[in-house]
Amino acid sequence: MSQTATAIANQATQGGPMLGGPLLGGIDCDVHPAVPNMAALLPYLDPYWQEQVTVRGIDGLDLSSFPLQMDAHGRPDWRTPGEKPGASLARLRADALDGFGTQFAICNPLYGVLAINNEHFAAAIARAMNDWLVAEWLDAEPRLRGSIVVPAQNPELAVDEINRRAADRRFVQVLLLAQGDIPLGNRRLWPIYAAAERHGLSIGVHAGSIFRHATTSNGWPSYHLEDYAAHAQSFQSNLLSLVHEGVFNKHPALTFVMIESGFTWLPTFMWRANKTWRGVRAEVPWVDRAPSELIRAHVRFTLQPTDAPPTGADMARVLDMIGSDDMLLFSTDYPHWQFDGHNVWPDGISPALKRRILVDNPRNAYPRLQEARP
Ligand code: ZN
């Protein structure tokens, strides 16, 4: 870490005033550099896949995970006419890094890898995306950190990709989606968790679906907003799966970061999980602590978009019921439209907690952020 960054981090940690503004020196745990289109990945594919993509006409496709023209995909003042939101490093630098005085920002590229049925093709695209991220973003901007995109539909290939990237300490986590083929606690995924734990990487779980199953437990919704608003249920079922399949017992050093999950539903969710566990825990004797204890110890949540209650007093009560100051991580979700202007803080968060959310909690959630800058 540079002297300036260290000074800022120390200042934030020690509770001093933030230089130049309420956010300077923060760690943004969710920004989205956008792959412009499949053709942009061609230089990063090997000759076989270059030919396959071109011959099959796939080079004209765009596997973007968001409907690009929808308001939520790009805040109006972060859009450049004719350009995909998030596709420009210069704009990300100006809007997100300089705009918020960011020390580090963690890149979470979302580009359909997990929805590709051909596992070999998915692995090639994941590899190309990670090379693209290194060459066009991480090498060009020292404040950026990366998430490893993996073909999680084949854990063996996913582990290969994790091993390939692990030596580059700018990668700080492995990126998964909230709605994949199987619940995240499933044993089939454990090799991915073992590899992440071995390399000191965290697991990021971003909102999103491979759309091979209905996106709600009641079947397919008709509208994007239903899908979006109901997404908390997929995070909740994944948390239950991670707890009760025993992932946290098996991988005690691993941290999961839920990204764009919301978090104010945690008190009632943890209450129900604890109550049910107390009643029928003979079914899962390896779960030796209440689910809420395991979640507080191993799971973190990004701030934006905040599913905030109506008043600051309500928010303070919710935070009190969550029962930990360690769980929230600062995020802007750049370039998505999750808050207005630069007013990223919901009411009801104390200055001391803001400092934890901005710097301390992200540094603890991502061990590699504590290392000296490469
Ligand atoms: Zn996001």
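The values are calculated or read from the model by the stated rules, or taken from the named source; none is laboratory data. As the structure is a prediction and not an experimental result, all values here were calculated from the model. Methodologically, a virtual Cβ is constructed for each residue, glycine included, from the backbone with ideal geometry; neighbour enumeration extends over all protein chains shown. Ligands, DNA and RNA are excluded from the accessible area calculation, which covers all protein heavy atoms including side chains. Shrake-Rupley method; radii C 1.70, N 1.55, O 1.52, S 1.80 Å.
Work out the FRET efficiency for Arg272 and Ser241 from their Cβ-Cβ distance, taking R0 = 22 Å, and round it to the nearest 0.05.
Once rounded, the FRET efficiency stands at 0.90.
Using a basic spin-label model with each label point 7 Å from the Cα along Cα→Cβ, how many nm lie between Ala282 and Asp320?
3.9 nm
Tell me which residues come under 5 Å, amide H to amide H, from Thr102 once H is placed; ignore anything under 5 positions away on its chain.
HN-HN under 5 Å from Thr102: Gly25.
Note down the accessible area of Glu371, probe 1.4 Å, to the nearest 10 Å².
In the full protein context, Glu371 sits at about 60 Å².
Using a probe of 1.4 angstrom, how much of the accessible area of the range 85-219 is carbon and sulfur, in percent? The partial results should precede the final answer.
Numbers: 2140 of 4290 Å².
The nonpolar share, carbon plus sulfur, comes to 50 percent.
Starting from the amide H of Leu63, placed 1.01 Å from N in the peptide plane, find each other amide H under 5 Å away whose residue is 5 or more places distant or on another chain.
Amide H neighbours of Leu63: Met38.
State whether the range 105-159 is rounded, prolate or oblate according to the following rule on the C-alpha gyration tensor (a ≥ b ≥ c being the square roots of its eigenvalues): a/c under 1.5 gives rounded; otherwise a/b larger than b/c gives prolate, and the remaining case gives oblate.
Values: a/c = 2.51, a/b = 2.33, b/c = 1.08.
Judged from the Cα gyration tensor, the range 105-159 comes out prolate (a/c at least 1.5, a/b above b/c).
Accessible area per residue for the chain in Å², computed with a 1.4 Å probe and the full protein assembly in place, what is it? It would help to have the intermediate numbers written out before the result.
Values: 15630 Å² over 374 residues.
Dividing the accessible area of the chain by its residue count gives 42 Å².
For the range 361-369, what does the Karplus curve 6.51 cos²θ - 1.76 cosθ + 1.60, with θ = phi - 60°, yield as ³J(HN,Hα) per residue in whole Hz, taken in order and with x for Gly and Pro?
Residue by residue, the range 361-369 yields 5, x, 5, 6, 6, 10, x, 5, 6 Hz.
Probe 1.4 Å, all protein chains in place: accessible area of Glu51 in Å², nearest 10?
110 Å²
Where does each of Val280, Val53 land when they are ordered by accessible area, with a 1.4 Å probe and the largest first? Kindly include the intermediate steps, with their values, before the conclusion.
On the way: Val280 80, Val53 0 Å².
Ranking Val280, Val53 by accessible area, largest first, yields Val280, Val53.
Semi-axes of the range 269-348's equivalent ellipsoid from the Cα gyration tensor, sqrt of 5 times each eigenvalue, largest first, rounded to whole Å? Write down the numbers at each step before the final one.
Values: eigenvalues 192, 41, 20 Å².
Ellipsoid semi-axes (Å, largest first): 31, 14, 10.
Taking amide H atoms as placed 1.01 Å from N in the peptide plane, list the residues 5 or more away in sequence, or in a different chain, whose amide H sits under 5 Å from that of Phe263.
The list, which skips near neighbours in sequence, is Asp307.
How many nm separate the modelled label positions at Glu293 and Arg212, each set 7 Å beyond the Cα in the direction of the Cβ?
3.6 nm
Can you tell me the relative contact order of the chain? Whole percent, Cα pairs under 8 Å, sequence separation 6 or more. Present the calculation step by step, with values, prior to reporting the outcome.
Details: 630 pairs, mean separation 74.1, N = 374.
Computed value for the chain: 20 percent relative contact order.
Under the classification rounded if a/c is under 1.5, otherwise prolate if a/b is larger than b/c and oblate if not, where does the range 166-290 fall, given a ≥ b ≥ c as square roots of the Cα gyration tensor eigenvalues? Kindly include the intermediate steps, with their values, before the conclusion.
Working: a/c = 1.82, a/b = 1.08, b/c = 1.69.
Oblate is the answer for the range 166-290, as a/c is 1.5 or above yet b/c matches or exceeds a/b.
How many nm separate the modelled label positions at Asp181 and Asn154, each set 7 Å beyond the Cα in the direction of the Cβ?
Calculated label separation equals 1.0 nm.
With θ set to phi - 60°, apply the Karplus curve 6.51 cos²θ - 1.76 cosθ + 1.60 along the range 313-322 and write out the HN-Hα couplings as whole Hz, x wherever there is a Gly or Pro.
Those phi angles translate into 5, 5, 4, 4, 5, 4, 4, 5, 6, 4 Hz.
Check each of the chymotrypsin sites (Phe, Trp or Tyr not before Pro) in the range 227-297 and keep only those in coil by DSSP with at most 16 other C-beta atoms within 10 angstrom; list them in order. Intermediate results must be reported in sequence, preceding the final value.
Numbers: sites: Tyr228, Phe235, Phe248, Phe256, Phe263, Trp265, Phe269, Trp271, Trp277, Trp286; in loops: Phe263, Trp265, Trp286.
In loop regions of the range 227-297 (DSSP not H, G, I, E or B), the sparsely surrounded chymotrypsin sites (Phe, Trp or Tyr not before Pro) are Trp265, Trp286.
Principal axes first, then extents: for the Cα atoms of the chain, list largest minus smallest coordinate on each axis, whole Å, largest first.
Taking the Cα atoms of the chain, the three principal extents are 57, 53, 42 Å.
Below 14 angstrom from the Cβ of Gly208, what's the summed charge of the other residues (Lys, Arg +1; Asp, Glu -1)? Show your work: numbers first, answer last.
Details: positive: Arg212; negative: Asp30, Asp181, Asp227, Glu260, Asp333.
That works out to -4.
Explain nothing, just the number: dipole magnitude of the range 3-371 about its Cα centre with +1 on each Lys and Arg Cβ and -1 on each Asp and Glu Cβ, in debye rounded to the nearest 20. Spell out each step's value before the answer.
Working: 31 positive and 39 negative charges, 188 e Å.
Charge dipole, the range 3-371, about its Cα centre: 900 debye, nearest 20.
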